Structure formats: structure tokens, C-alpha cells
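For reference, the structure is listed below as C-alpha cells.
The values are calculated or read from the model by the stated rules, or taken from the named source; none is laboratory data. Keep in mind that what you see is a predicted model, and the values were worked out from it rather than measured. Positions of Cβ are backbone-derived with ideal geometry, glycine not excepted, and every protein chain shown enters the neighbour counts.
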Amino acid sequence: MRPFTYRRAATARSAVETAAGSAGVMYLGGGTNLVDLMRLGVLEPATLVDVTHIATDAIEERPDGGLRIGAGVRNGDLAAHPLVRARYPMLAEAVLSGASGQVRNMATVGGNLLQRTRCSYFQDITKPCNKRLPGSGCPARTGDHRNLAILGHSDSCVATQPSDMAVAMAALGVVVHIEGADGPRSLPIPGLHRLPGDEPDRDTLLRPGDLITAVDLPALPLAARSRYRKVRDRASFSFAVVSVAAALEVSGGVVRDCRVALGAVAHVPWRVEVAEAALRGAPATEAEFARAADAELAQARPLPLNAYKVPLTRNVLVRVLSELAEEP
Ligand SMILES: Cc1cc2nc3c(=O)[nH]c(=O)nc-3n(C[C@H](O)[C@H](O)[C@H](O)COP(=O)(O)OP(=O)(O)OC[C@H]3O[C@@H](n4cnc5c(N)ncnc54)[C@H](O)[C@@H]3O)c2cc1C
Ligand code: SF4
């Protein structure tokens with residue numbers, strides 16, 4: 001591992017000023033992804049600014065009934081919080097489905113949102129990879145893409161965004177607060193992460209030196225009836241092959257409202273806008289859920305080894321919506 005300088009920031013502002021002052025600075029959350037990538041030689045920051053001591057570790061109720069989650073809140077604390085469990089069960093379930101208890105106790109909300117793809121070529125510095133080394137090529141397109149994207153990918157990159165938490169946050173429609181060189185601003189999810197296009201080295205719309213300080217969950221009564229379903233190769237300690245975060249409001253046998261997002265199918269947590277539009281006002285039946293899923297997945301462009309993800313995604317989506325519709 002290349003030698004680096006460690007600094008501990010006391011405030012968000014001082015962290016941003018340190019990042020603005022020199023090249024090669026990266027923020028350190030729990031380090032559960034960043035330090036792994038440094039060990040592999042994928043990332044070689046000159047300076048790490050530890051942002052876990054800047055008082056962003058609180059979960060607070062907002063006046064409108066939503067919650068503000070500090071970027072430094074540990075994943076385990078987020079999933080265990082009584083208000084998160086009661087009001088946004090899909091979010092608690094998504095976080096609990098990821099990693100292990102030890103990793104969740106270290107990992108932070110900010111770091112989770114910005115964790116890098118698990119594409120094996122990205123993590124192997126002996127291989128070309130447009131995301132790690134722009135212009136070097138994408139061996140995954142003709143190589144191992146079994147668990148890569150079926151939606152929104154480009155010739156340059158077919159990687160997927162790996163965060164389970166981000167999928168639930170995309171379904172909920174959260175707002176991410178950022179402290180940047182020019183002051184504070186915000187970005188929604190969906191909207192923080194970007195599709196690869198011809199710049200796959202850019203995972204998000206963040207600018208250099210941007211620090212995530214908090215995430216606002218909206219007041220969303222229908223999210224109390226929500227769930228996260230994750231299909232993976234083994235029962236625990238495994239990233240998603242396909243995941244669905246969904247909230248559904250049904251009355252009189254009709255879908256009144258819904259919020260649905262897919263994970264492990266694209267370079268972003270994929271909000272199913274086409275399916276949601278088809279569902280609102282439709283009968284809450286398996287046939288309508290299948291019709292909506294098919295409408296969404298008509299956009300899919302699977303590669304030879306991941307075509308199985310299209311019917312898998314459809315089936316998981318239909319199952320989750322059917323289960324939510326049957327809930328008393
Ligand atoms: C064995 C293992 C299994 C895992 N399984 C899963 C899984 O199934 N599902 C899943 O979703 N995740 C999984 N993970 C990933 C895990 O969730 C992430 O490693 C973790 O959430 C990252 O959080 P962190 O605080 O440790 O981030 P770090 O590693 O500290 O940072 C990650 C990135 O975010 C940046 N960063 C950190 N905080 C901020 C901030 N406040 N503002 C701006 N940038 C910031 C860093 O500079 C870095 O680029 C797994 C990890 C491991 C090690
Ligand atoms: S899919 Fe993206 S991350 Fe994977 S090898 Fe291709 S460019 Fe790199």
C-alpha cells in the first residue's frame with residue numbers, strides 16, 4: 001500500500017477545506033470499502049481525512065415528519081433505529097441484508113452511498129478497466145458479466161452500483177445534503193448516482209471535495225408498508241444479484257400509490273418510473289403487477305451471460321408487490 005497522510009477533521013467545513021487545499025485527498029468513513037481498495041492498489045490517495053468525528057452521527061425527527069440521518073451514522077445503528085424500522089421497514093431490511101454485523105458497525109451512511117462497484121475487473125489492477133483507468137477498455141463486456149447491468153449500461157461500462165441501502169433510498173426519494181467548496185447544496189436519490197455513458201470513472205454527480213453530511217428521508221406514510229427483497233448467490237455476506245425495494249398503498253383493491261426501485265441491475269439504484277406509472281390506479285392483482293414489470297423491463301438490454309436477470313427481476317418484483325398487496 002502506498003504511504004499516505006492521515007488527518008482527522010473536527011467539522012464538515014474543515015474537512016472540505018483540507019480537501020480543497022491539496023490533491024489526492026479522500027474522505028475516510030468506516031474504511032470498509034476504501035481501505036480494501038487501497039490494499040488492492042485500486043485507489044492511492046495521498047491523504048485520508050477521517051470524517052467520523054464531525055458530529056454527523058445523529059438520527060433526528062424533522063418537523064414535517066421525516067427523518068434526518070447524519071452521514072456518519074453507522075449502518076448498524078440506522079437499521080436498529082425504532083423510527084426507521086417503524087416508518088421505513090424497507091430501509092432497515094436493506095441495510096440488514098448487506099455485509100455482516102461487524103462491517104455494519106463500522107460502515108457509515110455516507111460511505112455506503114459511495115461504495116465502489118464490485119466488478120471483478122475494477123478490483124484487479126492487472127486488468128484493463130475504463131472505470132479505474134479511463135480508455136483502457138471494458139473486459140467485462142466479453143468476459144465475466146454474469147452479475148452486471150441489464151439496464152442503462154454503455155459500451156464503456158456495464159458495472160452495477162452495489163449498495164443495498166441506496167436502493168431503498170431511491171425508492172423512498174431521499175435528499176442528500178452536501179458540503180462543497182462553494183458551500184452547502186443537495187442532490188436527490190435518484191440523482192446522486194449517474195449512468196456510465198462515456199465517463200464510467202464518474203459514479204456520481206458529486207464534485208471533487210464534496211462531503212456528504214446528511215440524508216433526509218421524506219414523510220411518507222405508505223413506506224410503513226414496505227419491504228426489501230434481495231436475491232443473492234448465498235444466504236448471507238453476499239452482494240445482490242437482483243433486489244427490489246417497494247412500498248405499496250392499496251385501497252378498494254386498487255393501487256393508490258407506490259414507490260419501487262431495483263438494485264444490482266444498473267450503474268444506479270434504478271427507480272422503476274415506467275412500472276410505477278402503470279401501477280397507480282390499476283387493480284392490485286398479480287396480472288397487473290406482471291404487466292407493470294414487463295413494461296419497465298422492456299428497456300432491458302441484457303448481455304449473453306446475464307439475460308437470466310430479466311425474468312428473475314420480473315419475478316421478484318411481482319412477488320414483492322403481491323405480498324405487499326396481501327398484507328392486512
Ligand atoms: C465483506 C463485505 C461484504 C459487504 N456486503 C455488502 C452488501 O451485501 N451490500 C452492501 O450494500 N454493501 C456491502 N458491503 C459494502 C459496505 O456496505 C461498504 O463497504 C460500506 O457501506 C462503506 O461505508 P464506509 O463508511 O466504510 O465507507 P468508506 O470505505 O470509508 O468510504 C467509501 C467511499 O465513500 C467516501 N466517503 C465516505 N464518507 C463520505 C462522506 N461523508 N462524504 C463523501 N465521501 C465519503 C470515501 O472517500 C470512499 O470513496 C460489504 C463490505 C464488505 C467488506
Ligand atoms: S464493467 Fe465497468 S468496472 Fe467492470 S471492467 Fe468494464 S469498465 Fe471496468
The stretch 100-216: helices (runs of 4 or more DSSP H) wholly inside it with 1 or more residues that are more than 15 Å from the chain's Cα centre (by Cα) and within 15 Å of ligand 1 (Cβ to nearest atom) are 101-106
Considering each of 277, 240 in turn, give the residue that is modelled with pLDDT of 95 or more and surrounded by fewer than 18 Cβ atoms within 10 Å (Cβ to Cβ).
-> 277
Close pairs (6 angstrom Cβ cut-off, 6 or more residues apart or separate chains): over 19 Å from residue 214 (Cβ atoms) and modelled with pLDDT of 95 or more in the stretch 103-132, of a type in the set (Asp, Glu) and more than 13 Å from ligand 2 (Cβ to nearest atom) anywhere = none
In the stretch 1-65, which strands (runs of 3 or more DSSP E) lie fully inside it and hold 1 or more residues that are loosely packed, with under 14 Cβ neighbours inside 10 Å, under 22 Å from the mean Cα position of the chain (by Cα) and on the phi < 0 side of the Ramachandran plot?
-> 59-61
Please go through the stretch 243-274 and pick out each residue that is crowded, with 24+ Cβ neighbours inside 10 Å and of a type outside the set (Gly, Ala, Ser).
-> 244, 248, 255, 258, 260, 262, 265, 267, 268, 269, 270, 272
Looking at (1) out of contact with any strand residue (DSSP E or B) (no Cβ under 7 Å at 6 or more places or on another chain); (2) buried (at least 18 other Cβ atoms within 10 Å of the Cβ), find the lone condition where residue 174 falls short.
-> (1)
Quick one: which residue in 68, 39, 62, 8 is modelled with pLDDT of 95 or more, closer than 22 Å to residue 131 by Cβ and among the basic types (Lys, Arg)?
-> 39
Working only within the stretch 143-194, note down all residues that are within 11 Å of ligand 2 (Cβ to nearest atom) and of a type in the set (A, V, I, L, M).
-> 148, 149, 158, 159
Just checking, which of 168, 219, 140, 149 is crowded, with 20+ Cβ neighbours inside 10 Å, of a type in the set (A, V, I, L, M, F, W, C), touching a Lys or Arg at 6+ places or on another chain (Cβ under 9 Å) and in contact (Cβ under 8 Å) with a residue 12 or more places away in the chain?
-> 149
Taking the stretch 67-76 as the region of interest, how many residues are surrounded by 20 or more Cβ atoms within 10 Å (Cβ to Cβ) and not in a strand (DSSP E or B)?
-> 4
